[in-house]
Each structure stands twice: as C-alpha cells, then as structure tokens.
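Data block below; observations after.
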Amino acid sequence: MTTFKKHKLLITGGLGNLGSWLTSYFCQQNFEVFVLASRERNLTEALNFTFIQCDITHAEEIATSLAPYQFDFVIHTASANDFFKENFVTDALLVNALGTRNLLEYFKDKSLQHFIYFSTFQVYGSREGFITEETPTLPVNDYGTTHLFAEIYVKQFHRNFQLPYTILRLTNSYGCPKDTDSSKWYLVLNDLARMAVQEKKIVLKSNGKATRDFIWMGDVCAITHALLNQPPANEIYNVAGEKTYSIRAIAEQVQQAYEEHFGEQLPIEKNKKDLIEYPDNMQVSAAKLKKKFNYETQDKFKEEAKKIFSLAGKLADS
C-alpha cells in the first residue's frame, strides 16, 4: 500500500476570521497543519492541528517557537485589522509590516517551497473604477498602507534571498465565523445576520447604496489550495468575486434567508438621512489569476447567513 507524505503547512493567524476557514479547509486535505497565533481560541469545529503560540512582532519569539518544526508552505494571514481599537495605528505597523518582515527573516534560509501572503485590495485606496494589479497603489488608511509595506518586504526577500512567494490582494471575504468568540461581528454579513436574530429587523446605518466586491471564504480556500499545487510565480494577484453588491442587496439576501429559516418576515430600514450617492462602478478584476487557473465563485450569502443565525442564537443563550 502506497503512503503519501503530508506536506507541512504553517498558517499564521490561523484562528482568525479568514485563517480559521483556511485551517478548517486544509485540515481536511492532505496537509499536516500548524497554526501560529498570539492566543488560543475556541473554534466551532474539532480540528487536528498543532498550535504554536507566538507574537510575530518579536523576532526572537518566532525563532524560538518555530525552531522545533520544518515547513513546506506558509500561508500568512496574521494581521491587525480592528481599525476601531485605540492602538490600531501602532498595532497595524508592528503586526502587518514588522511582523511580516520578522517571518520573512526567519524563513529566508529555510528552503521554503512557497510563502503566500494575504494582502488586501485596500492597497489601491479606490472604491470605484476598474481595478487590476496595474492600478496605482494609493492606500487611504493604515490598514492598506501597512499591508503595502508588507508586500514590499515580501518582494525584497524574494529579490535578496530567492524566497518564493505569492501575494494575494483579497477583496471582502465573507462566511460564518468559525471562532465562537469572534471579534468580527462588525463585518457586513455577520452584522446584518446577527442584527436580524437579535432585533427581528435590519436597520442600515446608511442608505444601502454603497457597493463592494465580495467573495466567499470557501472559494478563497480552494483558490489558495490551487496555488499550493503549482510552482510559485512570484507574482501579485487580486482575489475577487468580480461581482459588486450594494449593502442593501446583502441585507435583502439576509432577509430572504431569515424568512426561509424562521418562516417570519424581516423588515429592512435604511437611513433616510444619508443622501450620499455612492460610486457604483467599481469592478475588481481577477483576470490575471484566472489566466493561471480558472475558477468560478459561488453565491453563498443565504447559506452563510443561516449559519450565522444559529451561531448568534447560541451565543445569545450562553
């Protein structure tokens, strides 16, 4: 009987919002998964992985924590993104930029096969127009700026040490949290679905006309897996659904899911005082990535909303 060696995969931030989806996905594939995070969390699933507690802002701690292990691949998702926190500007610079550099410094001579860095489409700083990888990077917030800083470090370490990489500029990914004490309830779908359960209505903070590109996190996981199955091209790719949805349209998806799930109507109220005419011509292109391998994205808003209803209900009862 032939046995296949499992590839050793390190996922930084693997208990975070996207990271926990990647952890869940790759634990079910032919990978030996290691999760690096600053603290343990209670996931909604029982998964088989090795947990490594580490603060990536300290290079010495990375070296000590990772010394017992060898890895074939690294998926780097650890980042500071809670912009509303008091020390966010400092945290973003330390975690997103310096933390990324610390990891690169450690792995520069470790014969790594592929370093995948999850950046953000916010490096472009634009909410309108046709956005490709050639669009100028002009971030308008610290989240985008520090991720761009990290991108430059990734390319620097490839140039100086031939570290193989892929940079993924991700748009708005969505999916039910896999972390029972998630801090990401402010994300659009999470917020609207939890509001529906708790308040029996949806009250929009705006007129609902603002548009965003959304992609299901299950699709992001599959795209990442496909990248690991190919030699790294040392390139930057947009990861996008290539479809824009208004906030009102997402609310209507939650409304439909609620009525199917509970058999009750769910009213939607918009902020009538918001008279802003938001740009509605944004399109984030994933054509470059689709030339490498074609993929189709799925509309999972209603399915994920129903899962969020159940999770929010359990948390409310606990």
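Using only alpha-carbon positions in the stretch 138-245, the gyration tensor eigenvalues give semi-axes of 33, 17, 13 Å once each is multiplied by 5 and square-rooted (largest first). With Cα atoms as the point set, the stretch 49-118 shows a radius of gyration and Dmax of 12.7, 39 Å. Using a Gaussian network model of the chain with C-alpha springs under 10 Å, which one of Gln255, Gln198, Gln283 is most mobile by mean-square fluctuation? Result: Gln198 has the largest fluctuation of those listed.
For the stretch 1-101, the alpha-carbon coordinates run over 56, 30, 17 Å along the three principal axes, in decreasing order. Measuring between alpha carbons in the structure, the pairs from Lys184/Lys306; Lys178/Lys307; Lys200/Lys314; Lys205/Lys300; Lys209/Lys243 lying more than 19 angstrom apart are Lys205/Lys300. Approximating the spin labels as points 7 Å out from Cα along Cα→Cβ, the Glu296-to-Val203 distance works out to 4.1 nm.
Sequentially through the stretch 262-278, phi angles give Karplus couplings (6.51, -1.76, 1.60; θ = phi - 60°) of 9, x, 10, 6, 10, x, 10, 10, 9, 7, 5, 7, 7, 9, 5, 9, 6 Hz, Gly and Pro residues having no value and appearing as x. Contact order, relative form, for the chain: 18 percent (alpha carbon pairs under 8 Å, 6 or more residues apart, mean separation divided by residue count).
Quick one, what does Rg over Rh come out to for the chain if you take C-alpha atoms and the Kirkwood Rh? Don't jump to the answer; show the numbers that get you there.
Values: Rg = 19.8 Å, Rh = 20.5 Å.
That ratio is 0.97, to two decimals.
Residues Phe84, Phe309 ordered from highest to lowest accessible area at a 1.4 Å probe: Phe84, Phe309. Only protein heavy atoms count here; on that basis, with a 1.4 Å probe, Arg248 has an accessible area of about 80 Å². Ranking Val220, Val197, Val140 from most to least accessible surface, computed with a 1.4 Å probe over the protein chains only, gives Val140, Val197, Val220.
Would you please give the FRET efficiency between Phe161 and Asn30, computed as 1/(1 + (r/R0)^6) with r the Cβ-Cβ distance and R0 = 41 Å, to the nearest 0.05? Don't skip to the answer; put the middle values down first.
Details: r = 28 Å, r/R0 = 0.69.
It comes to 0.90.
Here's the list of aspartates and glutamates a cross-link from Lys5 could span, going by alpha-carbon distance under 12 Å and ignoring same-chain residues fewer than 8 apart: Glu32, Asp72.
The values are calculated or read from the model by the stated rules, or taken from the named source; none is laboratory data. Just so we're clear, the structure is a prediction, and the values are computed from it rather than from any experiment. Heads up, the Cβs are rebuilt from the backbone with ideal geometry, glycines too, and the neighbour counts pull from every protein chain shown. The area values use the complete protein model at the heavy-atom level, side chains included, leaving out ligands, DNA and RNA. Shrake-Rupley method; radii C 1.70, N 1.55, O 1.52, S 1.80 Å.
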